[in-house]
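To keep things clear, I will list the structure first and then write my remarks on it.
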Amino acid sequence: MTTSPPAQAGATVLSPAGLSHRQILTIVSGLILGVLLAALDQTIVSTSIRTVADDLNGYSMQAWVTTAYLITSTLSTPLYGKLSDMFGRKPFFMAAISIFIGGSLLCTFAGSMYQLAGFRAVQGIGAGGLMSLALAIMGDIVSPLERARYQGYFLAAFGTSSVLGPVIGGLLSGQHEILGVAGWRWIFLVNVPVGLFALAVVYRVLNLPRSHKPGVRVDWWGVAALAVGVTPLLVVAEQGRTWGWSDPKALACYLIGVVGVAAFVAVEARLGDAALIPLRLFRNSTFALGVLISVVVGAAMFGGISLVPQYLQAVRGASPTMAGLQMLPMVLGMMVASIVSGQIISRTGRYRVFPILGAVMLTSGLFLLHYLTPDTPLWRTMVFMAVTGFGLGNLMQPLTVAIQNSAEPKDMGVSTSAATFFRQIGGTLGVAVFLSVLFSVMPARISDEMHAAGAQPDYRHAIQAGLRSDNPADAAFSQGIVNRDPAATGKVLDDSSVLQQLDPTLARPLKDGFADAMQTVFLSASAVALLAFVMVLFWKEIPLRRTSGLQAAAAAQAEAEAGLKA
């Protein structure tokens, strides 16, 4: 195996692998394009999925489109990590981009929600390698000491997607046709030119030595067992609220999942170093606790923060596009924290203080969000979001660097993909649990608010006015209240856009109930973040290595060759 090429003459060499800052940034630009491709697609699709479902006559199927993508992207993540450790990163990163492009093109021509779900599954296979391999490649070319200063750019890509995604998604899905193609189909078609450009950049700038470990076989039995174990658990996490958590289908998923996970552990224990995720990694307390922290942080992050856009849209009445722009303070907080923490870590070599600070800020931000009401000034909401984003920026990047640093360089792909894999699992469970809590408490909160409003003369007058209104929403809602029909208030659980169609006075108790239910969820999410803080306090700091993954691999190979000659 060869080492990285030397820096150009006159360039300041910052990397122990011999790359200048400019050369590293060139490579990072290619990696970020791949990461941005997947991150932007997720936010664009989530904004547009209702429009897509309506056009394909499959509103009730929209959850399966998300589930299919989630399953394949999660399952493929550890496989990309293992295969790239065995055969090199570049071919698999390019394969991931190519598969993602192919899946996007297929989604463009979907004629039904069933086809779209299948094509999204293809997309997910590609997406599984984009983030984990990008971080692993960074580990190859840059030492852990320097890595933090560059990985902030990846968080910036995610932050950018959370703002641009809703804007682009709303713009494209809102068009009837663009160049003779239905507007919503462009949310997938736009990935093709972006992906091809990313593929060309990666091919041109990413020059890594190819590697092959003879005699090492692919752990296909582990892949199969992981699929059997994780797939039903992801399905029930996404569908359990609709089915009911004690429904026979949910119970079957629990049983199959437990059997699959047990089989996976047995297979991995038998295969040792050849395993998809070698169990010896978990004997390292820093790695094991870091992975556990990733699960908890993922649950708090995705579960709690996913409700912020819902608050902005359902309670405050913002459009998906405007909600994306209003999320900007959280994005800026995350970007500033990740860049500043990365610079300090690269200069001092110390990182433990940042996960502690991040956990404190994340807990505080989520706790502050639980005070949100329909009357909370927007500036105050944005301050709370900025605090939360600042916490995430101080948590996510140092967490990844520390997990990579705790494992041996030869396990760079496996350790990075494991961290990504478990964070995705945590995020999925967090979203499932917190949404379940939201929709469990919301009916009672809305009922309480409606009962209190019914005692107010102004509200009774608004109902009488609604009965005579030309607005169909006001008339139907008021008639339902008079007839004591539960569907009058229950409709908001299926379609929150009803809140914006009603007269503000009629909608007020519904919004109050929605906000009250969200307060419970944000408070629960802050408790989960507090658990992450406690775990971080017990996390041991390991001095950051000053050698990159490629350097360590070259040194190990040279030592092995010297031993053979001796």
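The values are calculated or read from the model by the stated rules, or taken from the named source; none is laboratory data. Values in this document were obtained by computation on a predicted structure and should not be read as measured data. Note that we place each Cβ from the backbone using ideal geometry, even for glycine, and neighbour counts take in every protein chain shown.
List of remarks:
- Verdict on residue 311 being surrounded by 20 or more Cβ atoms within 10 Å (Cβ to Cβ), aromatic (Phe, Trp, Tyr) and in a helix (DSSP H, G or I): yes
- Every residue from segment 172-211 that is in contact with a Lys or Arg (Cβ under 9 Å, 6 or more places away or on another chain), assigned to a helix (DSSP H, G or I) and either over 15 Å from residue 48 (Cα atoms) or among the β-branched types (Val, Ile, Thr) (or both): 202, 203
- Residue within segment 482-494 that is modelled with pLDDT of 70 or more, among the hydrophobic types (A, V, I, L, M, F, W, C) and touching a helix residue (DSSP H, G or I) at 6+ places or on another chain (Cβ under 9 Å) present: yes
- Those residues of segment 420-434 which are among the aliphatic types (A, V, I, L, M) and modelled with pLDDT of 85 or more, in sequence order: 425
- Top-ranked residue in segment 92-127 [being of a type in the set (Phe, Trp, Tyr), over 23 Å from residue 218 (Cβ atoms) and part of a helix (DSSP H, G or I); ranked as modelled with the highest pLDDT]: 119
- Some residue of segment 515-524 being at pLDDT 75 or above, within 26 Å of the chain's Cα centre (by Cα), exposed (fewer than 15 other Cβ atoms within 10 Å of the Cβ) and assigned by TED's automatic domain parsing to the domain that holds residue 289: no
- Only residues that are surrounded by fewer than 24 Cβ atoms within 10 Å (Cβ to Cβ), touching a Ser or Thr at 6+ places or on another chain (Cβ under 7 Å) and either at pLDDT 85 or above or not in a loop (DSSP other than H, G, I, E, B) (or both) were counted in segment 79-91, giving 1.
- Segment 93-103, residues that are crowded, with 24+ Cβ neighbours inside 10 Å and of a type in the set (A, V, I, L, M, F, W, C): 93, 96, 97, 100
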